[in-house]
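Q: Take a look at the following structure, please.
Bear in mind that the values in this text are calculations on the coordinates, not laboratory data. If you're wondering where the values come from, they're calculated on a predicted model, not measured in any experiment. Methodologically, a virtual Cβ is constructed for each residue, glycine included, from the backbone with ideal geometry; neighbour enumeration extends over all protein chains shown.
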Amino acid sequence: MSTPVQLAPTAPAPVAPEPAVAAPPRFVHVQTFGCQMNVNDTDRIHQVLAPYNYLPTDDPAKASLILLNTCSIRDRAEQKMLSQLGRLAPLKAFNDELILGVSGCVAQQEGAALLDKVPYLDLVFGPDHIATLPSLLDRIRGGERRLSETTFYKREDFTFVEAEPRGDTRVTEFVTIMKGCDKVCSYCIVPFTRGREVSKPPDMIRREVERLVASGAREVTLLGQNVNSYGKDLLGPDAGPRWGRQPTFPELLRDIDAVPGLERIRFTTSHPMDAIDGLIALFGELRTLCEYFHLPVQAGHDRILSEMRRFYTVDVYRETVRKLRERCPGLALSTDIIVGFPGETDDECEATLALLAEIRFNFIYAFKYSERPGTRAAKMGDTVPEDVKKARLNRVQALQEGITREIMESYVGQTVEVLFEGPSSRSAREADGTFQREPGATPPRVASVGLQMTGTTRTHAQVNVEVPAGEFWSRRWVGQLAQVAITEARANTLFGRLL
Ligand code: 5AD
Ligand code: SF4
């Protein structure tokens, strides 16, 4: 079993070695598991390594550094990582230079114990240590093999790596605005793997968004474990001279809303108990704030919510949803649900189903409870048998499928604003990559089927639209907003006609 880590922050501030401009090019291969936060961290890993002449590669056999950027929110993700490590291990026999490392949440959670468990592993480092990765690699190449770095920095010493666009900026991008989580949900490992909340200075966020927009993004999703507590740790001077005082999440949204060229803002995730009123007031007021809110409820029964240490009741949640819908009638809502929390009875699960039927979320993410080492809930035992969890999950998903279908069908006949992101996955497959090439490239022989662009509504529904073949290849639609009449709804996708 893995060792739970301490939350105590002890490490000194990171210092990276001088970039060795003349270093020979090396290849780095990173595999990313888990959430969008990890995807973002992988981008930062590539960014901090670039000045040291590390080039990204998709081919692990070519790499002299392979990293698995891991997730430990549920057990399955961790198992996947371990079997992937096993598959990569033989490469070490062919390449003496190869450094094999694990980063992310499993690394943070297990630390040196992971080195003991996996004998051919060279490096384990937590999410706080991305900025110092070059010096960790230096130490290993200098002979210090088998390194584990998982201390948390003191809040005042933690430095964010300011994000640079990757060079292939998408229409819709993600911007991390804070790290860590100060909540204490009893089932959750995140406070152990990501540490305390630290907010990124608002001016850094603004610069990141401006750069993304300048390189083609039109929509940004602001990312954090609990974004609506953004800013609480930033005192005036930390917030920067343009602010000079503690920024709140609504103030940050207002500031980002003013970025010229930005069309849409989303954010995720929010905790129902944090500063929700100021946020609700912004819907309908900020031009770019999309009519979409992801608000995890986790369960529909007060006893379970209390055991989960969520600090709200079902009624409090209901009231928040009522206020949101009153302020913003077209608001789309999504949520997270956990079934099979320790001690959850059939009746308590029924209460969750009843809440789903009552609130009618547009869509949900539902999970079977997964015991995480070191958490408070782990002490309660994993009491709901696997087959019961599975049956409950199936019921939750079946109920929600029906609700989602009805909501999707209610779009038919409506006109919606769509932000186009690129060819639909079917068109992209059939186009055989041609879309990625320069304008003017010869269109492939797929004229027999309609060519579709895909995009999303402000309410986060996916819409596919047929466009004339000639225009499809011109890239004209990527990043454009258009009014679309919805003609058909399928399970997860709407189809429409350009107006
Ligand atoms: N088991 C199952 N689901 C979990 N989540 C977090 N921890 C666990 C766990 N131990 C879910 C919660 C959270 C989402 C990101 O993952 O629903 O909101
Ligand atoms: Fe985990 Fe709760 Fe923090 Fe979300 S709010 S990351 S569920 S501890």
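Q: Based on the mean of other beta carbon atoms within 10 Å per residue, what is the order of 293-303, 77-87, most packed first? Intermediate results must be reported in sequence, preceding the final value.
A: Values: 293-303: 22.0, 77-87: 15.6.
Descending mean neighbour count gives 293-303, 77-87.
Q: Helix-only mean residue ellipticity at 222 nm, the chain, DSSP H runs n ≥ 4 weighted -39,500 (n - 2.57), per residue, nearest 500. What is it? Don't jump to the answer; show the numbers that get you there.
A: Values: 17 runs with 160 residues, N = 499.
Calculated from helices alone, the mean residue ellipticity at 222 nm is -9000 deg cm²/dmol.
Q: Regarding the range 29-69, what's the average projected area of the Cα-atom convex hull, expressed in nm²? Could you put the intermediate results ahead of the total?
A: Numbers: hull surface 10.6 nm².
Average of the hull's projected areas for the range 29-69 equals 2.7 nm².
Q: Can you order the peptides 193-200, 370-377, 253-260, 140-147 by their average number of other Cβ atoms within 10 Å per residue, highest first?
A: Working: 193-200: 23.4, 370-377: 18.8, 253-260: 16.2, 140-147: 12.2.
Highest-to-lowest ranking by the protection proxy: 193-200, 370-377, 253-260, 140-147.
Q: Listed here are the pairs Lys200/Lys232; Lys62/Lys92; Lys117/Lys368; Lys323/Lys389; which of them are more than 21 Å apart at the Cα?
A: Lys117/Lys368; Lys323/Lys389
Q: Okay, next question. In units of 2.2 N^0.38 Å, what is the alpha-carbon radius of gyration of the chain? Working shown, then result.
A: Values: Rg = 23.5 Å, N = 499, 2.2 N^0.38 = 23.3 Å.
The value comes to 1.01.
Q: OK, next. Taking N as the number of residues in the range 158-210, what is its alpha-carbon radius of gyration divided by 2.2 N^0.38 Å?
A: On the way: Rg = 13.6 Å, N = 53, 2.2 N^0.38 = 9.9 Å.
My calculation over the Cα atoms of the range 158-210 gives 1.37.
Q: Taking the dipole about the Cα centre of the chain, with the C-beta of Lys and Arg at +1 and of Asp and Glu at -1, give me whichever of Ala131, Thr457, Ala482 is farthest to the positive side.
A: Checked the options; the winner is Ala482.
Q: Classify the range 48-180 as rounded, prolate or oblate from the Cα gyration tensor: take a ≥ b ≥ c as the square roots of its eigenvalues, call it rounded if a/c is under 1.5, otherwise prolate when a/b beats b/c and oblate if not. It would help to have the intermediate numbers written out before the result.
A: Values: a/c = 1.36, a/b = 1.23, b/c = 1.10.
Here the range 48-180 falls in the rounded category.
Q: Pull up the cross-link candidates among the aspartates and glutamates for Lys179, meaning alpha carbon to alpha carbon under 14 Å and not fewer than 8 places away within one chain.
A: Cross-link targets: Asp41, Asp128, Glu156, Asp157, Glu162, Glu197, Asp233.
Q: No other cysteine beta carbon under 4.7 Å away is the test; run it over the chain and list who passes.
A: Cys35, Cys71, Cys105, Cys181, Cys290, Cys328, Cys349
Q: Run the simple label-point estimate for Arg426 and Asp382 please: 7 Å along Cα→C-beta, distance reported in nm.
A: Each label point is offset 7 Å from its Cα along the Cβ direction, giving 4.0 nm.
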